[in-house]
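The structure appears right after this line, and notes come after that.
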Amino acid sequence: MQKIDVGKKILSANEEYALRNNRFLAEHKILCLNMISSPGSGKTTILTRTISELKGKIKIGVIEGDIQTDIDTQRIKTTGAPAVQINTNGACHLSAAQVNSALGKLPIKKLDLIFIENVGNLVCPSAFELGENYKIVVLSVPEGDDKPAKYPAIFAKSKVLLINKIDLLKAPSPVDFDIERVKTDARKLNKGIEIFPVSAKTGSGFAEWCQWLAKSVKNLYS
């Protein structure tokens, strides 16, 4: 009887689509970032603020991944940016095949940067390449400062760590969160990771984050 490793077969098929996506993005000279986090970290709010901050400077499109609903896609569209919805109907991550289909629905020739907002999960999405240039991991202050230690894979693979909701560190009843511990633990896993403490609510830290994005778009294919 022939034994088939289903897990390896699924990942192999995914990698083929990821390679297609990467070649497609390179052909059109578009930077693509795969944003990953737990549910409720503030990914969509970060994206809407980022799009607004960079309006007129960088043309951004978004691929939104959710188990159900298009709530986040509608929020993105209020900024004027094009957005495509992917509903996984239970799956805990996006696949490269799904992203391949979504890329065909975006106005590619008019874009400089595409964000993929993955399904809220720190584990599953880290194992599936989508053809992106970089992974961006988001950690919000209320989640706790132990996440790099508990979920090392995504922090080890990410180009950027956004520490969101830092305004809560100075709230009347501040959240117990050691930001230096997070930075240290993340850099133990990934020496080159860029770390930006931000608040999507107040805009704190967004100048540095947007500067990094502008530089990355400019330099990627230069």
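Every number here is computed from the coordinates shown, using simple stated rules; none is lab data. Computed from a predicted structure; not experimentally measured. Positions of Cβ are backbone-derived with ideal geometry, glycine not excepted, and every protein chain shown enters the neighbour counts.
Annotations
- Enumerated helices (runs of 4 or more DSSP H) restricted to region 4-120, each holding at least 1 residues that are within 17 Å of the chain's Cα centre (by Cα), without any contact (Cβ under 8 Å) to a residue 24 or more places away in the chain and within 29 Å of G205 (Cβ to Cβ): 71-77
- Restricted to region 64-83, and to residues there that are of a type in the set (V, I, T) and touching an Asp or Glu at 6+ places or on another chain (Cβ under 7 Å), the residue that is surrounded by the fewest Cβ atoms within 10 Å (Cβ to Cβ) is T73.
- G90 falls short on exactly one of the conditions (1) on the phi > 0 side of the Ramachandran plot; (2) crowded, with 23+ Cβ neighbours inside 10 Å, and that condition is (2).
- Any pair with Cβ under 8 angstrom, 6 or more apart, that starts in region 160-176 at a residue that is free of Cβ contacts under 8 Å to residues at least 40 places away in the same chain and ends at one that is surrounded by fewer than 23 Cβ atoms within 10 Å (Cβ to Cβ) and in a helix (DSSP H, G or I): I163/I179; I166/I179; L168/P142; L169/I179; P174/L168; V175/P142; V175/L168; V175/L169
- Looking across region 159-198, just one residue is touching a Lys or Arg at 6+ places or on another chain (Cβ under 6 Å) and either among the polar types (S, T, N, Q) or under 23 Å from N34 (Cα atoms) (or both), and that is I195.
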